[in-house]
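Beneath this line is the structure, given in structure tokens, with notes to follow.
The values are calculated or read from the model by the stated rules, or taken from the named source; none is laboratory data. Everything numeric here is computed off the predicted structure, so don't read it as measured data. When we count neighbours, we look across all protein chains shown, and the Cβ atoms used for this are built from the backbone with ideal geometry, even at glycine. Calculation scope for accessible area: heavy atoms of the full protein, side chains included, ligands and nucleic acids excluded. Shrake-Rupley method; radii C 1.70, N 1.55, O 1.52, S 1.80 Å.
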Amino acid sequence: MHHTVRTSVTTAVLLLAATGLGTAAQAQPAPARAESAPSTVRPQATAALLGDGYLASLGSQIVDSTGKRVRIAAAALHGNSRLDQNAIVNQDTPLAGLDANIRAIRNAGFNTVTLAWSDASLHDANAANYLAGLDAVVAAAKNNLLKVILNHHNDEGQAGNGNCLAQQGNGLWYDSGPGTDGTDGCGTPGTVTQASFLADWKQLATRYKGNATVIGFDLDNEPLAYPGESTWGDGGVTDIHAMYTDVGNALETIDPGVLIICEGPQNYGGSYAGGAGVTAPEGDLTAVAAHPVVLSDANAGRARVVYSVHEYPYSVGHIDPDSGPAAVQRYNAVWGYLVTQGIAPVWIGEAGAPMSSADDTAWATTLTSYVNGQQGASGGPTFAGTEKGVSVTWYVWDTQGLGALNADGTLNQQRYGVYSQWQ
């Protein structure tokens, strides 16, 4: 399939971190572990914390419980997307434990962490330990006044013969039943139906009901929009717009106030909008204007819905062009118009780069200027008064590849120089 051309950053980091190798993006060995590791990183920034309570959307802005405009500045924790993995990867290397990592994340200027999960891990003999691992991250975040966004990363929690740890090969949120071939698209027999997918999300929503540390549910990671995969608004069995609406309503009913985050299905070959020259490798939101996700009136309609894309440079995601006017034009067409026209907020749920090349620097310069409202002359969004820029997540918090940390636990200054401008 076309999407197999993409080298998924999440898969590269997860698999290679587990073996102690560097990422494919770097093509070099990982730095050696420091002999004497610090327990904390030196504070580099003051986090713009999100305060008590849940968030909501207001036009293109995200607001807190007082109506104040806020910006989600997140660090991605990897781990828990692998089958039965009970703790975030590298939480003891080089920093000493989960609490030290969460404190360091706050000290680096972030106000939120993202945490992945997989269905299969909820249904085997290790489920209690797995859930305890999720609970531990939520508790540590709460103790440090950070927020958590849960992300459904895959169904089976394993790689199969492809990169399903990051991007499920069948392009869907489920892997069993109508619309599938009975596998996850990576060689693993499917166990997750649409009904069990909903049940699993409801289990987590019930677990964290009323806990405003958990502010968002990212319903499915990197769906795909190639033929036979996710569609948008056609009413068919693979209609992800219908899934976002139905599952979003169910979760909002259980846990009123949580954000329902809807990722655009990725498409390197085209877009839902059709026409020549418009691709959506970061996630296709071109159909939202005509077919937005609107929850029931009882669940606040559009006020809890946020859309999401993932933005990477060529060195990570093989996105081309990844900088300059052509990239800005794509942003505008694929997702930026939602912000510019005040339709809905967009949260960039993953973004990161090794920052080891001129191309990485050009990517960072273009994306940073765009999310901060400095590309208005080229059709991008602008922000005035108390309005905030587009929310972004740095992928990833560790010492590998794109990681925010050096091997000794200090912040990588080249990468800090990028994501600190998104906070």
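Key figures
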item	result
The range 142-198, residues that are of a type in the set (D, E, K, R) and free of Cβ contacts under 8 Å to residues at least 12 places away in the same chain	Asp181
Filter result for the condition that a residue is out of contact with any helix residue (DSSP H, G or I) (no Cβ under 8 Å at 6 or more places or on another chain), of a type in the set (Lys, Arg), under 23 Å from Gln375 (Cα atoms) and not in a strand (DSSP E or B), over Arg330, Arg302	Arg330
All positions within the range 118-128 that are open to solvent by less than 10 Å² (accessible area, probe 1.4 Å) and either in a loop (DSSP other than H, G, I, E, B) or of a type in the set (Phe, Trp, Tyr) (or both)	Asp119
Residues satisfying the stated conditions in the range 378-410, i.e. at pLDDT 95 or above, farther than 16 Å from Gly349 by Cβ and not in a loop (DSSP other than H, G, I, E, B)	Ser378
The lone exception for Glu156 - which of (1) among the acidic types (Asp, Glu); (2) modelled with pLDDT of 95 or more; (3) more than 23 Å from Trp347 (Cα to Cα) it fails	(2)
Per-region count, the range 231-257, residues surrounded by 19 or more Cβ atoms within 10 Å (Cβ to Cβ) and in contact with a strand residue (DSSP E or B) (Cβ under 6 Å, 6 or more places away or on another chain)	5
Ala225 being within 18 Å of Asn170 (Cα to Cα), touching a residue at least 24 places away in the same chain (Cβ under 8 Å) and open to solvent by 10 Å² or more (accessible area, probe 1.4 Å)	yes
The listed residue being under 30 Å from Ala364 (Cβ atoms) and touching a Leu at 6+ places or on another chain (Cβ under 8 Å), out of Ala289, Ala250	Ala289
Matching residues, the range 173-197, being assigned to a strand (DSSP E or B) and either among the basic types (Lys, Arg) or open to solvent by less than 10 Å² (accessible area, probe 1.4 Å) (or both)	none
Test result for Trp335, in contact (Cβ under 8 Å) with a residue 12 or more places away in the chain, in contact with a Ser or Thr (Cβ under 6 Å, 6 or more places away or on another chain) and part of a helix (DSSP H, G or I)	no
Where Pro178 falls short, out of the listed (1) more than 21 Å from the chain's Cα centre (by Cα); (2) modelled with pLDDT under 95; (3) farther than 23 Å from Asp255 by Cα	(2)
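Let's see how each residue does on (1) of a type in the set (Gly, Ala, Ser); (2) in a strand (DSSP E or B); (3) crowded, with 20+ Cβ neighbours inside 10 Å; (4) in contact with a Pro (Cβ under 8 Å, 6 or more places away or on another chain):
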site	(1), (2), (3), (4)
Ala100	yes, no, yes, no
Arg106	no, no, yes, no
Phe110	no, no, yes, no
Tyr130	no, no, yes, no
Ala139	yes, no, no, no
Leu145	no, no, no, no
Gly171	yes, no, yes, yes
